[in-house]
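The values are calculated or read from the model by the stated rules, or taken from the named source; none is laboratory data. Everything quoted here is computed from the prediction, not taken from an experiment. FYI the Cβ positions are ideal-geometry reconstructions off the backbone, even for glycines, and counts take in every protein chain you see.
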Amino acid sequence: MVIKVTLRDDVREFEAPITYMDIAKSISEGLARNVLCATKDGETVGLFETLTTDATVEFKGFDTPEGKNTLRHSASHVLAQAVKRIFPEAKLAIGPAIENGFYYDFDLDKGFSPEDLAKIEAEMKKIVKENLPIVRFELPREEAVKLMEEANEPYKVELINDLPEDSIISFYKQGDFTDLCAGPHVPKTGVIKAFKITSTAGAYWRGSEKNKMLTRIYATAFTKKDEMEEYLAQVEEAKKRDHNKLGRELELFTTSEYIGQGLPIMLPKGVAIMQTLQRFVEDEEAKRGWMRTKTPLMAKSDLYKISGHWDHYKDGMFVLGDEEKDDEVFALRPMTCPFQYQAYLNRARSYRDLPLRYGETSTLFRNEASGEMHGLIRVRQFTISEGHLMCTPEQLEDEFKSCLELAIFMLKTLGLYEDVSYRFSQWDPEDREKYIGTDEQWDEAQGMMKKILDHLEIPYAVGIGEAAFYGPKLDIQIKNVHGKEDTLITIQIDQMLAEKFGMVYTDTDGTKKHPYIIHRTSIGCYERTLALLIEKYAGAFPTWMAPVQVKLLPIGEGHREYCRELNSRLINMGIRSEVDDRSEKIGYKIREAQLEKVPYMLVVGDKEMEEGAVAVRSRKEGDKGSMKVNDFIISLMDEIANRTR
């Protein structure tokens, strides 16, 4: 039978059945050598699978997401095969490709030592060198279960039993190793030219704390060794910049198992940075018409029942009390919106009061799962630059724009703007229980936001199911040094909660109307922002936000009093200054200050005291020579005032 295959440049006819590899060879031998998989009408398929019908076919190399995933998923099977050869008693769980590599989870009584990992990697090299064909086959459910039971693979049996009745149950075999897998895979193990085991970690089976803890081996794979080495160098740099490591070394924050996971202790230097950021944010918001509120850290469940948080977010809250036993049940607040609505409801409002902008530096509490928490990125108690803006429909676009302009200004000042992307987070109508409001309200709110974003020419991706339960939002996304993406700033449109809380204003025609509400942050969560700044600058913060801006270094005992007097002067001018008056050599003091990443070191000896000067060493520019004290202060104050990076 002749079939028509639509390729990128033309349409060709082939005698069916035909493998995708044979189609690739018909185009060019070069393509066949470099291709890793194909897509049939958009669905990824293996090269030695057969095509029997008309279809649109594209071939994918390592420069495509499909190609990377296929190579790395195949490498995960090589890893599993190597583990089974060395540790036959190990039970196989899952081994998917992930953004920068792959992992495989194993159930083994012992963990994997560094020596074990070296042996596994060596065995992987043998398997690749054997260039084993990777062959796909399918089995009926009963035979599939029997195969995995005989192989003593209980996790695979569980996966098979959980598949829908009409599922195709496929396996891939390479030499003496067979694994349950949907695929696709590369044709042979020899295609995997470069790979490296990178780390191990614990992982609960199926991500649930109720299940057994397994051992996860992380690794990566490439088609070229030099590309892998470049990536591994980036990983090493990321480790050096990891805020969880660097933030502790620089004494910005710490944690205590007696206090609990996700509850960081901010140390004085970390607090200094957060105070600087908070003052900057609050002053900037005040310039733009935001009025500050201060609301309680907790409220009765009644408040959250009105807003919908009790029904839609209760599992993420810290509840104080028992509804069945106590007359009043409280909960720590996970967000400030329902509290600030009470400020709006303090008195009657008219259109003349709008837009009304309430801002607050809020402490919030969210019951994050233990597996989700990481350093300062995701915590259970955090501080956020939160605000809620009530406006008329006519004011909505201009106010949304002003909120976005504020966020962009903050990001540019911090030096994070070039690292962010935008996501238009929409509701999922297929998951109706997750949201409040009618379909018409959601269509209206999302339509308005789309119009605003398109009008502002914001380049956004769409995130279905990422909306808040009460409205769509613009999420400003950012990745940490390890490539994990999180939301830094959100701006949301809400037309539902005003009605729930009975928030109204008297319009120009005397009628009562519900205001539109914009939920927004200007700098996001301070802890998360600090984590990203640590990683962005590798701890060498711009002078205006550095926890210690100046370190005074007396050469000898006779220079200490001069340094102490100058230190007091700098502190009184709002400069964060310290004196290192230890009885150490000046070279040692300079090295210590450099390790602390202090922007300016001022060395003082006899000459400097005589001339009313300081010898300036800049973290960025090195030795700048002698400067009069007043000249240095003027220069420093100008750098701080302009928030120079």
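Points to keep in mind about this one:
- Set side by side, the residues Thr254, Thr223 differ, and just one is at pLDDT below 95 and either closer than 21 Å to Val598 by Cα or surrounded by 18 or more Cβ atoms within 10 Å (Cβ to Cβ) (or both), which is Thr223.
- Residue that is modelled with the lowest pLDDT, among those in the stretch 1-19 that are of a type in the set (A, V, I, L, M) and either assigned to a loop (DSSP other than H, G, I, E, B) or loosely packed, with under 15 Cβ neighbours inside 10 Å (or both): Met1
- The requirement of being exposed (fewer than 12 other Cβ atoms within 10 Å of the Cβ), more than 15 Å from Val548 (Cα to Cα) and touching a strand residue (DSSP E or B) at 6+ places or on another chain (Cβ under 9 Å) is not satisfied by Lys585.
- For beta carbons closer than 8 Å, sequence separation of 6+ or different chains, a first residue in the stretch 616-631 that is closer than 22 Å to Arg645 by Cα and a second that is assigned to a loop (DSSP other than H, G, I, E, B), the qualifying pairs are Ser618/Pro599; Arg619/Ala540; Arg619/Lys597; Arg619/Val598; Arg619/Pro599; Lys620/Pro599.
- Test: Ile168 is surrounded by 14 or more Cβ atoms within 10 Å (Cβ to Cβ), of a type in the set (A, V, I, L, M, F, W, C) and not assigned by TED's automatic domain parsing to the domain that holds Leu47: no
- Taking the stretch 439-501 as the region of interest, the strands (runs of 3 or more DSSP E) fully inside it that hold 2 or more residues being farther than 19 Å from Thr521 by Cα are 460-464.
- Where strands (runs of 3 or more DSSP E) sit wholly within the stretch 152-242, those with at least 1 residues that are touching a residue at least 24 places away in the same chain (Cβ under 8 Å) and over 26 Å from the mean Cα position of the chain (by Cα) occupy 170-174, 177-180, 194-204.
- The stretch 415-455, residues that are farther than 20 Å from Ile491 by Cβ and free of Cβ contacts under 8 Å to residues at least 24 places away in the same chain: Pro429, Glu430, Arg432, Glu433, Thr438, Asp439, Glu440
- Looking across the stretch 360-385, just one residue is among the charged types (D, E, K, R), modelled with pLDDT under 95 and assigned to a strand (DSSP E or B), and that is Arg378.
- For Gly95, the conditions (1) within 33 Å of the chain's Cα centre (by Cα); (2) closer than 22 Å to Thr198 by Cβ; (3) not polar (S, T, N, Q); (4) not in a loop (DSSP other than H, G, I, E, B) all hold with the exception of (4).
- Filtered residues of the stretch 32-82 (kept if under 29 Å from the mean Cα position of the chain (by Cα), in a strand (DSSP E or B) and touching a residue at least 24 places away in the same chain (Cβ under 8 Å)): Thr44, Lys60
- Considering residues of the stretch 304-345 that are part of a loop (DSSP other than H, G, I, E, B) and among the small types (Gly, Ala, Ser) only, the residue farthest from Gln381 (Cα to Cα): Gly308
- Among the residues here, Leu117 does not qualify as under 31 Å from the mean Cα position of the chain (by Cα), closer than 17 Å to Phe177 by Cβ and not hydroxyl-bearing (Ser, Thr, Tyr).
- Restricting the stretch 334-371 to residues that are aromatic (Phe, Trp, Tyr) and in contact with a helix residue (DSSP H, G or I) (Cβ under 7 Å, 6 or more places away or on another chain), the residue that is surrounded by the fewest Cβ atoms within 10 Å (Cβ to Cβ): Tyr358
- Number of positions in the stretch 108-158 that are surrounded by fewer than 18 Cβ atoms within 10 Å (Cβ to Cβ), in contact with a strand residue (DSSP E or B) (Cβ under 9 Å, 6 or more places away or on another chain) and not charged (D, E, K, R): 12
- Within the stretch 258-297, the set of residues being outside any strand (DSSP E or B), touching a strand residue (DSSP E or B) at 6+ places or on another chain (Cβ under 7 Å) and of a type in the set (D, E, K, R) comprises Glu282, Glu285, Lys294.
- Residue in the stretch 414-427 that is assigned by TED's automatic domain parsing to the domain that holds Thr383, over 30 Å from His243 (Cα atoms) and surrounded by 16 or more Cβ atoms within 10 Å (Cβ to Cβ) present: yes
- Answer residue from the stretch 613-628, given it is touching a strand residue (DSSP E or B) at 6+ places or on another chain (Cβ under 6 Å) and over 22 Å from Met545 (Cβ atoms) and is surrounded by the most Cβ atoms within 10 Å (Cβ to Cβ) among those: Val614
- Checking each residue in the stretch 129-151 for being polar (S, T, N, Q) and not in a loop (DSSP other than H, G, I, E, B) picks out no residue at all.
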